[in-house]
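Take a look at the structure set out below.
The values are calculated or read from the model by the stated rules, or taken from the named source; none is laboratory data. This structure is a prediction, so every number in the text was calculated from the model and none was measured. Virtual Cβ from ideal backbone geometry, glycine too; neighbours counted across all protein chains shown.
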Amino acid sequence: MELKGTVLDIIYKNETNGYTIAVFEMESAETTIVGYLPFIQKGDSLKIVGKFVTHPDYGDQFKVDTFEKIMPETLDALEKYLGNGVIKGVGPATAKKIIKKFGASTVEVLKTTPEELTEIKGITEKKAKEISESFIENWDLWQIVGFLEKFGIGPQSAQTIYKKLGANTISIVENDPYVLSELGVRVDFSQIDKMALDLGVERNNVKRVDAGIRHGLMLATYNGHSCVLATNLITYVTNLLKVSDEDVLYAIKDLRAKEQIKIEEREEIATINGKTELQIQEWIYLMEYYKTELNIATRIIGLEEASNLKRISNFNKELEKIEENSNFELSEKQKEAVKLINEHNVCVITGGPRNRKNHNYKNNY
């Protein structure tokens with residue numbers, strides 16, 4: 001269902017994600033609207049699409065799925081919009097003067113000939129410029145939401161994208177839609193890819209294949225892997241993007257040259273035709289994950305090579321004292337682990353915690 005009207009009042013707004021509850025005034029009725037409505041202010045004119053729902057506590061509401069911010073269709077509505085405080089330098093009194101002076105030409109004056117605003121008493125050239133810039137900035141926000149909505153990217157994600165890319169969002173995304181995959185927004189890769197293809201990006205465009213490779217590597221990190229076997233990654237990307245192995249290999253070289261990935265060669269045992277032999281395998285990291293792994297390894301080596309200042313020479317006697325004073329005793333495996341920690345600067349303890357009742361405690365805690 002589609003409704004058209006004006007935001008009469010805002011009851012609640014979450015500034016982080018744009019979730020809004022507002023009073024919406026239509027031609028002959030009012031209703032409460034709820035949904036993700038970033039950049040919306042009191043006095044804005046909207047075209048909203050959604051459905052009426054019944055809240056158990058608050059009654060009938062219109063749940064907004066998508067919305068389009070439209071220019072006010074009457075001078076009264078335009079005056080309310082200009083005077084709602086969102087346009088820098090314009091309050092209710094100034095808005096009334098602007099509408100009275102320029103009438104139906106108001107929007108054109110604000111956008112293209114702001115110097116004409118100086119004909120109104122109290123508006124200097126500097127203030128006229130600020131009013132125009134503020135009006136145009138808000139107009140740009142409307143366009144960004146509408147632009148992204150065409151590609152199935154909702155208002156909540158649009159707000160996050162705008163915060164990260166700024167006023168040039170549309171031109172940035174048109175130039176490289178895959179920049180969206182780097183922003184952490186709630187848009188899956190296939191949606192971004194469809195958007196790119198709709199904008200005319202060719203299937204084997206190196207930016208597209210680069211993005212597919214980075215996406216594949218990022219997916220691997222969600223499963224706890226910091227790198228991927230090159231042959232597996234190539235297979236994944238060719239199937240994902242429907243491109244050739246050569247396209248993927250070229251993009252890997254491109255990402256390597258731009259230092260966005262790291263390729264590590266390892267000697268690994270492989271069985272081929274029943275014979276076991278050493279082979280060189282290539283593993284690919286996102287550069288930021290490679291640097292993190294390298295930093296961890298460097299720190300561990302540094303710890304292991306440092307002097308063990310915490311070592312207790314009479315370990316067994318000290319452990320017995322602790323067990324007596326604390327009224328519990330460790331199992332043999334636990335003692336072995338503590339002894340290793342005493343003897344070495346670095347120890348790796350694996351496995352999940354055991355159920356407390358299985359521990360060899362004298363007393364239950």
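Picking from LYS88, LYS47, LYS69, which residue would you name as being within 31 Å of the chain's Cα centre (by Cα) and not in a strand (DSSP E or B)?
Just a single option satisfies the conditions, and that option is LYS88.
On the given criteria, is LYS262 touching a Phe, Trp or Tyr at 6+ places or on another chain (Cβ under 6 Å) and not aromatic (Phe, Trp, Tyr)?
Judged against the criteria, LYS262 is a match.
Of the residues GLU27, GLU15, which is under 17 Å from ASN84 (Cβ atoms) and not in a strand (DSSP E or B)?
Only one candidate qualifies: GLU15.
Give region 113-131 a look and list any residue that's over 14 Å from ILE87 (Cα atoms) and either loosely packed, with under 12 Cβ neighbours inside 10 Å or among the acidic types (Asp, Glu) (or both), or say none.
Across region 113-131, the qualifying residues are GLU115, GLU116, GLU119, LYS121, GLY122, THR124, GLU125, LYS126.
Being surrounded by 11 or more Cβ atoms within 10 Å (Cβ to Cβ), on the phi < 0 side of the Ramachandran plot and out of contact with any helix residue (DSSP H, G or I) (no Cβ under 7 Å at 6 or more places or on another chain) is true for just one of GLU277, GLU318. Which residue is that?
GLU318
Surrounded by fewer than 16 Cβ atoms within 10 Å (Cβ to Cβ), of a type in the set (Lys, Arg) and at pLDDT 95 or above, is that true of LYS262?
no
Any idea which of LEU3, LEU37, LEU78, LEU46 is within 22 Å of GLU130 (Cα to Cα), hydrophobic (A, V, I, L, M, F, W, C) and buried (at least 17 other Cβ atoms within 10 Å of the Cβ)?
Going through LEU3, LEU37, LEU78, LEU46 in turn, just one is within 22 Å of GLU130 (Cα to Cα), hydrophobic (A, V, I, L, M, F, W, C) and buried (at least 17 other Cβ atoms within 10 Å of the Cβ): LEU78.
So which residues in region 147-176 are part of a helix (DSSP H, G or I) and under 21 Å from VAL34 (Cα atoms), if there are any at all?
LEU148, GLU149, PRO155, GLN156, SER157, ALA158, GLN159, THR160, listed by residue number.
Run down ARG208, ARG214 and say which single residue is out of contact with any strand residue (DSSP E or B) (no Cβ under 8 Å at 6 or more places or on another chain) and either touching a residue at least 60 places away in the same chain (Cβ under 8 Å) or among the basic types (Lys, Arg) (or both).
Testing whether each residue is out of contact with any strand residue (DSSP E or B) (no Cβ under 8 Å at 6 or more places or on another chain) and either touching a residue at least 60 places away in the same chain (Cβ under 8 Å) or among the basic types (Lys, Arg) (or both) leaves just ARG208.
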